[in-house]
1. What base-10 log of the normalised intensity I(q)/I(0) is obtained for region 1-124 from the Debye formula, alpha carbons as equal point scatterers, at q = 0.10, 0.12, 0.23 Å⁻¹?
2. With the chain treated as a Gaussian network of Cα nodes joined by springs under 10 Å, which of 214, 178, 240 yields the largest mean-square fluctuation?
3. Work out Dmax and Rg for region 93-162 from the C-alpha atoms and quote the Rg first, both in angstrom.
4. Counting alpha carbon pairs within less than 8 Å and at least 6 residues apart, what relative contact order, in whole percent, applies to region 138-258?
5. Of all DSSP beta bridges located in the chain, what percent are antiparallel, nearest 5?
6. Hey, which of these cross-link pairs are over 24 Å Cα-Cα: 22/165; 134/155; 57/96?
7. Working out 0.36 nm times the residue gap between residue 227 and residue 1, then minus their Cα-Cα distance, what length gain in nm do you get to one decimal?
8. How large is Rg/Rh for region 55-211, to two decimals, with Cα atoms and a Kirkwood Rh?
Amino acid sequence: MRHIIFSIENSVARITLNRPDKLNAFNREMAMEMQSCLDESATLKEVRVVLITGSGKGFCAGQDLAEITDPSGPTMSQILSEHYNPIIRKIRAMAKPVIAGVNGVAAGAGANIALCCDIVLARQSSSFVQAFSKIGLIPDSGGTFFLPRLIGWQKASALMMTGDKVSAAEAEKMGMIYQVIPDDLFDEKIQQFALQMATMPTHALALTKHALNYSLASSYEQQLDLEDKLQQEAALTYDYREGVEAFMQKRKPEFRGE
Ligand code: T3D
């Protein structure tokens, strides 16, 4: 792969966006490579967590603006239907936790790809920008769906219309992201966090994600019924038996993700 570094170690698949001189902005090739990495992470049983991060000083500056001014480049319709929407769908459908380790500025589609992940950790000096309005576009990559649900209508509306930059600390305060990590500890902490998530009961986490996906669009009654159904499934797993047994025996559980 030319624009992504992909590795699998200790059950963690790490996808590193790697066009640092462009703040890891997406061109078509990188979008396709990212989709392949997500597909492989979804398929491989040994992968129990996916960690998405960026190389260099940025996380991702969204669409490579040079590519859209290139007459031989992809069309707007291709950019959404073939690049970003499949990425968002693959992340939400992934039956394993997907963690965004935001190491620097996350702008446009770069911000919204991070925000659709299950857990967002951000380096203290990083920032989030809904950059779209600055170039006359509307927020895409699921931004109009996820951002108001994360931080409320008013703040989402203001951030999307102004294109104001939000620091990682502000983003944490408004509930946009889970945790800010001091710059010097960032690499170590995101790795530790991913490793710890990889020892969790993966199948139960997948069912949790499934329930959360549905909660975005269903009623209270539908959600109770769904929890009932998914809990029956969780109760059949090896990890459920192991979790209860370990608790009774006052020892640490050894989950297999099954
Ligand atoms: O057709 C469609 O576009 C549909 C798809 C939409 C999806 C989208 O994501 S639309 C939004 C696209 N992204 C942006 O508009 C963000 C543009 N970038 C910025 O606003 C700023 O670069 C940042 C706020 C992200 C960071 O600012 P700063 O001051 O830290 O860095 P910089 O100096 O602006 O950028 C550093 C380099 O990265 C610079 O290159 P140079 O001059 O050193 O050679 C800059 O040109 C390059 N870069 C940054 N963002 C992009 C980019 N190159 C191409 N595309 C970019 N998006």
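Just so it is clear, none of the values below were taken in a lab; they were calculated from the coordinates. Everything quoted here is computed from the prediction, not taken from an experiment. All Cβ positions, glycine included, derive from the backbone under ideal geometry; neighbour counts span all protein chains shown.
1. The computed values of log10 I(q)/I(0) come out as -0.27, -0.39, -1.44.
2. 214
3. Taking only Cα atoms of region 93-162, I get Rg and Dmax of 11.9, 35 Å.
4. Values: 69 pairs, mean separation 24.3, N = 121.
This gives 20 percent for region 138-258.
5. Bridges in the chain that DSSP calls antiparallel: roughly 30 percent.
6. 57/96
7. Numbers: separation 226, 0.36 × 226 = 81.36 nm, distance 4.01 nm.
Answer, rounded to one decimal: 77.4 nm.
8. 0.97
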